1. Being within 32 Å of the chain's Cα centre (by Cα) and assigned to a loop (DSSP other than H, G, I, E, B) narrows it down to one residue among K141, K99; which is it?
2. Give V485, V479 a once-over and let me know the one that is crowded, with 17+ Cβ neighbours inside 10 Å, in contact (Cβ under 8 Å) with a residue 40 or more places away in the chain and in a helix (DSSP H, G or I).
3. Is there a residue being crowded, with 17+ Cβ neighbours inside 10 Å, in a strand (DSSP E or B) and under 19 Å from the mean Cα position of the chain (by Cα) anywhere in region 403-415?
4. Tally up the residues in region 361-388 that are in contact (Cβ under 8 Å) with a residue 60 or more places away in the chain and not in a helix (DSSP H, G or I), please.
5. Being in a helix (DSSP H, G or I), of a type in the set (V, I, T) and at pLDDT 80 or above is the filter here; which residues of region 214-249 pass it?
6. Go through (1) free of Cβ contacts under 8 Å to residues at least 12 places away in the same chain; (2) under 31 Å from the mean Cα position of the chain (by Cα); (3) not in a loop (DSSP other than H, G, I, E, B) and name the single condition E534 misses.
7. All but one of (1) within 32 Å of the chain's Cα centre (by Cα); (2) part of a helix (DSSP H, G or I) hold for E78, so report the exception by its number.
8. Please specify each residue of region 275-312 satisfying the condition of being over 18 Å from the mean Cα position of the chain (by Cα) and surrounded by fewer than 19 Cβ atoms within 10 Å (Cβ to Cβ).
Amino acid sequence: MSEKRLELRKKAMSLPLLPGVYIMKNAEKEIIYIGKAKALKNRVSQYFGSQNGHTVKVRKMVENVDSFDYIVTDSEFEALVLECSLIKQHMPKYNILLKDDKGYSYIRVAGDRYKTVTAVLQKNDDGAEYIGPYTSSFVVKQSVDAANKIFMLPQCGRVFDGKRSNARPCLNYYIGQCCGVCTGKVPQCEYSEAVSQAIRFLKGDTKEVLKQLETEMYAAAEHTDFERAAKLRDRIRSIEKMQDKQKVVFKSVEEQDVFSLAESENTVCLAVLRFADGRLFDSEHFFFEKNDTPEAMLAQAVLSYYAMRENIPKRVTVDGAPEDAENVERWLTEKKGKKVVLFCPKRGEQLEVVRMCRENAQEKLALKVGLSGKTVAVLEELRDLLGLSKTPSYIESYDISHTAGQDSVAGMVVFKDGKPYKSAYKRFTIKSFEGNDDYRSMAEVLTRRFTEYNAQKETGEGFGKLPDLILLDGGVGQVNAVQPVLDAFDLQVPLFGMVKDNRHRTRAIAQNGGEIEIRSQRRVFTLISEIQEEVHRFSVAYHRSKHAKRNLALSLTKIPSIGEKTAKALLKQFKTVSKIKAASVDELCQAEGVGHKTAQIIYAYYHNGDDKE
C-alpha cells in the first residue's frame, strides 16, 4: 500500500460514524467523486483498504485521490439530497452521469418526383420538407417505419426517377413491404398518392386516411380493378391492426417509467421505458462504467435520470430493489410535489413490463460490447441464482486429474463473457505431495494461483486479475477445502462447486451448507455444463500427456546407466522415443546431463538390437 493511501486511510478512520457526504479530490484539487454514507467512517475507509472487491473504475478513482472532504448531515435522506445537489453542480468524473442528449426529431420528406420519408435527428437547409419537431426520437422512428411498411414506400436509401433500374429490387419488395419503384412499373400519380396518405397518417389524420382508402377500394372494385382493390384492402387492414396494437399494450400499465440495468465486465447499460395510458410512448438507454453494486448503481441511475427531468410519473418501476429505496422514493416525491411510488413487481403483467425493459437493456449492451443478448441474459441469470453482487463476466474453473494418485495435475479454464478464453487457461502439476487427495490438491492449486495474484495484481492481467466467480469441479468437500485459502488471502471471491450425477452429468451447484438446483434454469444449466465439460477435458488432456511421458521415461530407464532424471531430460530435448533412436551420439550429448559416454550407451542400445525383448 502506498504512503498516500496509508495517509488517507488513517484520516478516514478518524471520521465520525454519522451520515453525510464525502468529496474526493485529485492533486489539482478538482472534485472527482461525490458519495453519501450512512456511516462516514465505514464507507470512506473501504476505499483505502483492500482493493480486491473494487471495480476497475473505483480502483482508478482511488489511484487519483489526493485528499477528501466531508459534510455531516442529520439523516441519510439529507445526505442523499445533498449528494444529488453537489453531483449536479460539480459533475464529478467518476460519478454516474447520464447525459440528457434528447434533442428534437423530425420526419423528412425528400426527393423530386418520387419522394421518400425518413426519420432524422436534425433539420438541414437542403430543400427537403420537414415535419416536426417531436421530442421522442423513439416514437418518430417507430411511426416512420410503420408508415413506410403500410404504404409500401422504399426504405433502401436509393434516389428514384421513375425509370427502370439495372439493379435487382431489394428484399423488401419480395416480402411485400415495398411497391418496387426501382422496377419502373409504379405510376408517379399512384406513388405520390401513397406518399400523401403516409404523411397524413404520420400527422395523425388516420380516420380521414382510412375513409379515403375505403372509397378508393370500392371504386377500384366497381371498375373491376381487383388487384388495386386488394392492395388498398391490405393497406386498410395494416392500419387497423397497428391501431389495435397501439390501443392497449399492457392493460394494467398506467403512467409510469420502467428502469432496468444490464452489465458486462466493465460497462453498464440503463434502459428506460416510458408508458402512458397503457402505451409505450418513449424508450431511452444510457451507458456508463461499472462503479458499484447493481443495487447502488440502479439507485444512482434513477436519481441522475430525474435530476435532469421535470416530469416524474406517479409510479417508477424498477428491476430489483435499488439501494436505499425508501429515501430514493422520498426524494422523487419531494421533487414531484406529489406521492411517487417506487415499485418492484414480483408477478403479473407488471413483471412482464420489467422483463421487456431488461431485454431492451441486454440487447443494447450486447450491441455495445460485441456480445449476444442471450449471453448477457444468462450471465445475469447466473448472478441472480447465486446471489452475486455483480455479473460474473470473468469465471475461473478448476479440476483435478490423476491415475490412482500418480501424475496428479490440475487444469484451470477461464470463461470470459460466457465464452472460453483459451489464452488465459493454465495447467498445474501437484507438487506438495504424492497420492490420491483431491481436496488437498485443489487447496494447493488455489494457494499457488493467489500467491501469483499478490505478485502480479498491479498488472491487472493474467494471474494479476481476480475472477468474478470460481467454480470447482466437485461438491461441498472441494468448496470447504478451498474456502480457507481465500480467507487466508483475504479475498472476497464467490466460490461454488459443480456437482455431477452418477452418469457424470451436471446436476447442481454446491455451496457451503447445501446445493442449488440448476436444471430448471435452462440457460444457466447449459452454461455450467459447458464450463464443467471444458475444465474436465482440459485437465484430463494434461494428465494423459504427463502420464504418457512418464511411461516413455520408464521405458528409457531400461537402458543401462539411464535414470529417471536423464530419461526426462532426453524426452524434453527430443520429445519422442523415435527421435531419440534416430539421434547421433553428438546430438544425444545436447540433452541436459547426457555426457559422451552415456550418449554412446544410448546409441548402442538402439543400434545393436539391445532394445528388442
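The values are calculated or read from the model by the stated rules, or taken from the named source; none is laboratory data. Since we're looking at a predicted model, the values are computed, not measured. Please note: Cβ atoms are built from the backbone with ideal geometry, for glycine as well, and neighbour counts cover all protein chains shown.
1. K99
2. Answer to the selection: V485.
3. Looking through region 403-415, at least one residue is crowded, with 17+ Cβ neighbours inside 10 Å, in a strand (DSSP E or B) and under 19 Å from the mean Cα position of the chain (by Cα).
4. Count: 2.
5. Across region 214-249, the qualifying residues are T215, I236.
6. Just one mismatch for E534, condition (1).
7. Tallying (1) within 32 Å of the chain's Cα centre (by Cα); (2) part of a helix (DSSP H, G or I), E78 fails exactly one: (1).
8. A276, D277, G278, R279, F281, D282, A307, M308, R309, E310, N311, I312
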